[in-house]
1. What are the ³J(HN,Hα) values, in whole Hz, obtained from phi via the Karplus relation 6.51 cos²θ - 1.76 cosθ + 1.60 with θ = phi - 60°, for each residue of the range 38-45 in sequence order, with x given for Gly and Pro?
2. Tell me, what are the semi-axes, in whole angstrom and largest first, of the equivalent ellipsoid of the chain as set by the roots of 5 times the Cα gyration tensor eigenvalues?
3. Under a 5 Å amide H to amide H cut-off, with H placed in plane at 1.01 Å, what residues pair with Gly28 once short-range neighbours are removed?
4. Per residue of the range 226-241, in order, report the coupling 6.51 cos²θ - 1.76 cosθ + 1.60 (Karplus, θ = phi - 60°) as ³J(HN,Hα) in whole Hz, putting x for Gly and Pro.
5. In debye, nearest 20, what is the charge dipole magnitude of the chain about its Cα centre with +1 on Lys and Arg Cβ and -1 on Asp and Glu Cβ, if you could check?
6. Skipping prolines and chain starts, which residues have an amide H placed within reach, meaning under 5 Å, of the one on Ile215, given they are 5 or more residues away or on another chain?
7. Limiting things to C-alpha atoms, what are the Rg and the maximum Cα-Cα separation (Dmax) for the range 186-239, in angstroms?
8. If you scale each eigenvalue of the Cα gyration tensor by 5 and take the root, what three semi-axes come out for the range 102-232, rounded to whole angstrom and sorted largest first?
Amino acid sequence: MRDEGGNLQSVRRALNALEIVADSGEIGVSDLGRKLGVHKATASRLAAALAERELLERNPQNDRYRIGFGLVRLAGSAIAGLDIVREAHPLLESLAEQTKETTNLGVLSGDSVVYIDQVTGTRSVVAMSWVGRRTPLHCTSNGKVLLAFMPGEERWRLLQRPLQRVTPRTIVDPKLLERQLLRVQDEGYAFTLEELELGLNAVAAPVRGADGHVIAAVSVSGPSYRVTPQRLPELGELARRTADAVSRRMGYTTGGEQ
């Protein structure tokens with residue numbers, strides 16, 4: 001029992017570290033150590049131990065840490081009980097049935113999109129799950145929706161950072177992307193054309209909470225030979241109607257804040 005106090009302190013420190021990283025989006029070990037009140041070397045060892053279990057992950061571009069997929073997996077049972085997943089899932093099923101393509105529900109997590117639910121379309125050859133995956137905002141349809149409807153200063157801050165060119169078609173010019181995001185606000189849906197993966201196109205529309213703020217995005221994705229540019233307006237409208245239906249289930253009315 002002599003080690004119980006030390007073990008409990010280690011557990012509390014690990015939990016505090018996870019909360020700090022979650023609140024920060026990304027954080028370096030120096031800042032993490034300062035917020036935990038420990039030496040940088042201690043914070044580095046703690047972050048490395050959490051990353052080993054995939055509770056954190058290190059961004060190789062800047063050596064900062066962010067929440068990892070392992071934590072999302074551990075939270076899977078809790079996520080399944082979230083109101084938005086429970087309310088959205090049957091509507092995602094209906095959208096997948098209508099379009100025959102894969103539908104997803106994505107939310108903002110730090111400076112990325114995390115997918116919290118998915119329904120695979122009947123035309124899908126490979127049943128790949130996106131649930132728990134973290135993807136960039138600027139090259140995904142869900143991410144563009146979340147960018148388009150976040151406060152302007154926050155959006156511009158994110159766009160001013162170097163944008164990763166994931167494929168040759170990824171938009172990395174912030175001014176060009178900003179113009180596209182303004183169009184998303186007008187049209188009510190976003191799209192990507194092979195910007196995250198070659199051969200994959202997608203559309204997405206915003207889900208609002210009771211206060212009118214955008215809290216998630218509903219997307220339809222599929223291979224580029226089926227989800228063609230000509231089909232985007234049709235799929236965008238279906239995604240928008242589904243997202244509006246989810247918003248109503250979350251308590252949003254048209255009189256809410258825009």
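1. Per-residue couplings from phi come out as 10, 5, 4, 5, 5, 4, 5, 5 Hz.
2. 34, 20, 18
3. Amide H to amide H, under 5 Å and 5 or more residues apart or across chains, Gly28 pairs with Tyr65.
4. 9, 8, 7, x, 5, 8, 4, x, 5, 5, x, 5, 5, 5, 5, 4
5. With Lys and Arg at +1 and Asp and Glu at -1, about 480 debye.
6. Under 5 Å from the amide H of Ile215: Val207, Arg208, Gly209.
7. In Å, with Rg to one decimal and Dmax whole: 11.9, 39.
8. Whole-Å semi-axes of the equivalent ellipsoid: 22, 17, 14.
Here, each number is a calculation from the coordinates, and none is a lab measurement. Only a predicted model underlies this, so the values are computations on that prediction, with no experimental measurement involved. In this analysis, Cβ positions are derived from the backbone assuming ideal geometry, glycine residues included, and neighbour counts consider all displayed protein chains.
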